[in-house]
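Undergrad: The structure follows.
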Amino acid sequence: MIRALPPDRLEDFVNDWLAQRCKDYHSHELWRGTGDMGRDVTGYVTDKRMEGPWDNFQCKQLSKSLSESSAFIELGKIFMHSSVGEYSLPRSYIFVAPRGVARAVQQFIAHPERFRTAFLERWDSDISGKLVEKQSIPLSPEIVAAIKAFDFTNIHWLDAARLVEDPACKPALVKWFDEDPGPSPRGVVPDQIEASESSYIGQLLKLYEEKGPGTFPDATTALASPEFGKHLRDQRTRFFDSVAFDRFYRDSTPEDYLFNFKDEVYHGVVEIHDDEHANGLTRLRQVMQQAAILQPSGILGKHAGPQVKQGTCHQFANDGRLPWHR
């Protein structure tokens, strides 16, 4: 499906892929049409953008693998434009060619200094007349300096198979092709109460005291209670299943997918939560019953079991959005 994308849509796809690589890039930019100066999609390492370290992703959607001639010409544009001060040399240069690169290109990338030497030797014969229409760009001292300054070990290539192997590509695949990211792992419930769960558990302890008998100054007391111990353990299981669910789909789907899922759960239970109830524990149980049978839309709804939807309600209690104790 990546190989079938039109050239401009491949650039859009790569742009969406880079949007997920927040650990690698401060920001990214899509360049389109004439005047791109040899850039398709750029990833900026710092807020200085192109005045700081940056990577160039050159998208080549072709009916066959990227040829040796095309590789020299595309990279030659970078040396030409950087030599006259249009921008600094990129930190790295990545050919994104869904059908791969020719064996000769692969060999050059595997031998960086051989690649550099070939640029200097073949500029006049194979490159100079193909960079700008109806012009010949001579191998000026500035271009020579740019070729010698560039780190040829930072030239790489990605075909469609390599691209989809990157975990950061998963959200783009989900968005573009309805790729199923699969089920999330179950949550792991820690032995000790963690700060992330202290708010909703504190609210549950107050519900237990309302119901009685007894007082519950901490979760340990409640867990030891014959009446409420199992109930609290079940709530913690639900909470950490929902946390694991969030973590998994936050990394594997576009950011609005998780937001929309949680919004649907909220609107599916808010009326029951806000109804009049005999006590807080009754409110919680009726909200849990409703959450379990909700059927949120989309891929996340498909993979959300009852305990995930119920645990999401505990997250709402944590946030003060749907508090258990009022």
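Undergrad: Which whole-number percentage describes the relative contact order of the stretch 7-177, with Cα contacts under 8 Å and a sequence gap of 6 or more?
TA: Relative contact order for the stretch 7-177 comes out at 22 percent.
Undergrad: Using a Gaussian network for the chain with springs between C-alpha atoms less than 10 Å apart, which of these wobbles most: T312, T220, T46?
TA: T220
Undergrad: What is the distance in Å between the Cα centroid of the stretch 121-157 and that of the stretch 76-110?
TA: Cα centres, the stretch 121-157 to the stretch 76-110: 10 Å.
Undergrad: What ³J(HN,Hα) values, in whole Hz, does the Karplus curve 6.51 cos²θ - 1.76 cosθ + 1.60 give for the stretch 49-64 when θ = phi - 60°, with x put for Gly and Pro?
TA: Values per residue, Gly and Pro as x: 6, 6, 8, x, x, 8, 10, 10, 10, 9, 8, 10, 8, 10, 7, 8 Hz.
Undergrad: Now for a separate question. Pop the C-beta distance of E51 and K175 into the FRET formula with R0 = 30 Å and round what comes out to the nearest 0.05.
TA: Working from the Cβ atoms, E equals 0.45.
Undergrad: Based only on other Cβ atoms within 10 Å, what is the fewest-to-most ordering of E276, E179, E194?
TA: Final ranking by Cβ density, sparse to dense: E276, E194, E179.
Undergrad: If you don't mind, another one. Which whole-number percentage describes the relative contact order of the chain, with Cα contacts under 8 Å and a sequence gap of 6 or more?
TA: Taking the mean separation of contacting Cα pairs over the length of the chain, I get 14 percent.
Undergrad: Rounded to the nearest 0.05, what FRET efficiency is calculated for Q192 and D126 with R0 set to 56 Å and r the Cβ-Cβ distance?
TA: Using R0 = 56 Å, I get an efficiency of 0.25.
Undergrad: Given springs between every Cα pair under 10 Å in a Gaussian network model of the chain, which of Q289, Q106, Q192 has the largest fluctuation?
TA: With Cα springs under 10 Å in the chain, the top fluctuation among Q289, Q106, Q192 is at Q192.
Undergrad: Let's test the formula: R0 of 51 Å, r as the Cβ-Cβ distance of A110 and D263. What FRET efficiency results, to the nearest 0.05?
TA: 0.55
Undergrad: Quick one: the Cα spread of the stretch 7-177 along its three principal axes, in angstroms, biggest first?
TA: Each principal axis gives a Cα extent; for the stretch 7-177 these are 46, 36, 30 Å.
Undergrad: Taking H as built 1.01 Å from N, whose amide H comes closer than 5 Å to the amide H of V101, not counting residues under 5 places away?
TA: The list, which skips near neighbours in sequence, is L66.
Undergrad: Once P(r) over Cα pairs in 10 Å bins from 0, in percent is worked out from the coordinates, which option in (i) 5, 21, 22, 14, 12, 12, 8, 4, 1, 0; (ii) 6, 25, 30, 19, 13, 5, 1, 0; (iii) 6, 26, 34, 22, 9, 3, 1, 0 does it equal?
TA: (i)
Undergrad: Compute the signed sum of charges (Lys and Arg +1, Asp and Glu -1) over the other residues within less than 13 Å, Cβ to Cβ, of R233.
TA: -2
Undergrad: Among D180, D275, D36, which one shows the highest mean-square fluctuation when the chain is modelled as a Gaussian network with alpha-carbon springs under 10 Å?
TA: Most flexible of the set in this elastic network: D275.
Undergrad: Grab the DSSP H runs of the chain that are 4 residues or longer, score each as -39,500 (n - 2.57), total them, divide by all residues and round the 222 nm result to the nearest 500 deg cm²/dmol.
TA: Rounded to the nearest 500, the figure is -16000 deg cm²/dmol.
Undergrad: Sticking with this structure for a sec: Where a Cα-Cα gap under 20 Å defines reach, which aspartates and glutamates qualify for K230, not counting those fewer than 8 residues away within the same chain?
TA: Partners within reach: D191, E194, E197, E209, E210, D218, D241.
Undergrad: I've got another one for you. Among K130/K175; K23/K64; K206/K262; K48/K134; K48/K170, which pairs are too far apart, with a Cα-Cα distance over 30 Å?
TA: Violating the 30 Å limit, Cα to Cα: K130/K175; K23/K64; K48/K134.
Undergrad: Another one. Each label point is 7 Å from the Cα along the Cα-to-Cβ direction; what then is the distance between the points at K230 and Q295, in nm?
TA: If labels sit at K230 and Q295, their model points lie 3.0 nm apart.
Every number here is computed from the coordinates shown, using simple stated rules; none is lab data. The model shown is predicted, which means the values in this text are computed figures rather than measured ones. Glycine also receives a Cβ, built like all others from the backbone with ideal geometry; neighbour counts cover every protein chain displayed.
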